[in-house]
Amino acid sequence: MRVSDLPTNPIQHSNYSDKICIIIPIRNREAQLEEIVPRLEEILTFQGLDYRIYIVEQADNGMFNLGKLTNVGFIESQRDGFSDYYVKTDVDIFPLTNDLIEYTPYSGVRHLYGHRHSLGGIFSFDRVSFIKTNGHSNEYFGWGWEDVDFLERLSICNIVIDKSNFVERRTNQFIHDAITKEHENTKNETYSINRKLLNLKINSYKESIEGMLNDGLNSCKYDIIERYNYKNNRKIIRIEVDVG
C-alpha cells in the first residue's frame, strides 16, 4: 500500500508562472482519452504553458472513485517535483477553442467549468489550498457528491472559490461535454448512497475538523500497478492504480 508522503516545502522553480499539472481521473475511458489529450496539448502550448498531464486510471474492479484518484494524482505529481499548481478535469470535458478556458497557474481555487452547486468539471487549485483541505475524501465510490464534499471542505477552511472566469455547464457550444451510458448507470446505482454519506460527512465536519483531517491525502492508500509515459511522451504520465 502507498500512503501520502508529501514534500515539506513548496517546490522551487525558476519561473512558477508557466508550469501546470493537469490531473485526469479515469477508468475504461480510452476513446475519451484519445480525444482530450491532443486537445489539451494544443491548448496548453497555445497558452504558453509548460505542463505535465497525469492520467490516473483506476484499474481495480471496485466502483469508480474520482476523489481518491485526484488525491493520487496530486501525491504522485508532488513526488515528481514539477509544479505546485494544478487543473483537475473530467476526461469527457474540454474546450474546442484554445482561449476559452484559462489553464494558467492560480494561487487559490478557481472554478472554470461545471455546476454552480458543486466543484466538479474543470477547476484549478494550488498545493497550499489542497493540503489545507486534506484533498478530497477517499470514501465516495460510484457517482456523485464528492465534489460537493470538497466544496464544504473549502468553506470550512475559509478558502474562497474564484468564479470570475466560470462557465456554467452546458451553456457554451464551444465546450465538448459528454455523458456516457456507463456514467448514467453508475449514477443510478450510487447517487442516493453517496448523498447519505455526504450528509454524514458534513455533520462530522461541523462537529469537529478532525472529520476532515482524518480522511483525505493523509489516509490515501493505493497500489501502483504500472506507471509509464503515455504514447512515449515524457510530459504525459499514465498511472494505473488499485485504490482498494
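The values are calculated or read from the model by the stated rules, or taken from the named source; none is laboratory data. Keep in mind that this is a model prediction, so the values were computed, not measured. Positions of Cβ are backbone-derived with ideal geometry, glycine not excepted, and every protein chain shown enters the neighbour counts.
For this structure, a couple of remarks:
- Subset tally (residues that are out of contact with any helix residue (DSSP H, G or I) (no Cβ under 8 Å at 6 or more places or on another chain) and of a type in the set (Gly, Ala, Ser)) for the stretch 64-100: 3
- Only listed residue being under 20 Å from the mean Cα position of the chain (by Cα), at pLDDT 95 or above and at negative phi, chosen from TYR222, TYR191: TYR222
- Among the residues of the stretch 16-61, just one is without any contact (Cβ under 8 Å) to a residue 40 or more places away in the chain and of a type in the set (Val, Ile, Thr), namely THR45.
- Candidate set: the stretch 88-124, residues that are among the aromatic types (Phe, Trp, Tyr) and under 24 Å from ALA178 (Cα atoms); chosen: the one surrounded by the fewest Cβ atoms within 10 Å (Cβ to Cβ): TYR103
- Of the residues VAL109, VAL91, VAL148, the single one that is in contact (Cβ under 8 Å) with a residue 12 or more places away in the chain and over 26 Å from ILE43 (Cβ atoms) is VAL148.
- Residues located in the stretch 130-174, provided they are surrounded by fewer than 19 Cβ atoms within 10 Å (Cβ to Cβ) and in contact with a Cys (Cβ under 9 Å, 6 or more places away or on another chain): LYS132
- Residue tally, condition surrounded by 14 or more Cβ atoms within 10 Å (Cβ to Cβ), among the aliphatic types (A, V, I, L, M) and not in a helix (DSSP H, G or I), over the stretch 204-244: 6
- Residue in the stretch 142-171 that is nearest to THR89 (Cα to Cα), counting only those that are among the β-branched types (Val, Ile, Thr) and not in a loop (DSSP other than H, G, I, E, B): VAL167
- Selection of first residues in the stretch 158-172 that are under 8 Å from VAL109 (Cβ atoms) and in contact (Cβ under 8 Å) with a residue 24 or more places away in the chain and of second residues that are part of a loop (DSSP other than H, G, I, E, B) and charged (D, E, K, R), restricted to Cβ pairs under 8 Å at least 6 apart or on distinct chains, gives an empty result.
- Within the stretch 90-104, not a single residue is over 15 Å from GLY120 (Cα atoms) and within 11 Å of the chain's Cα centre (by Cα).
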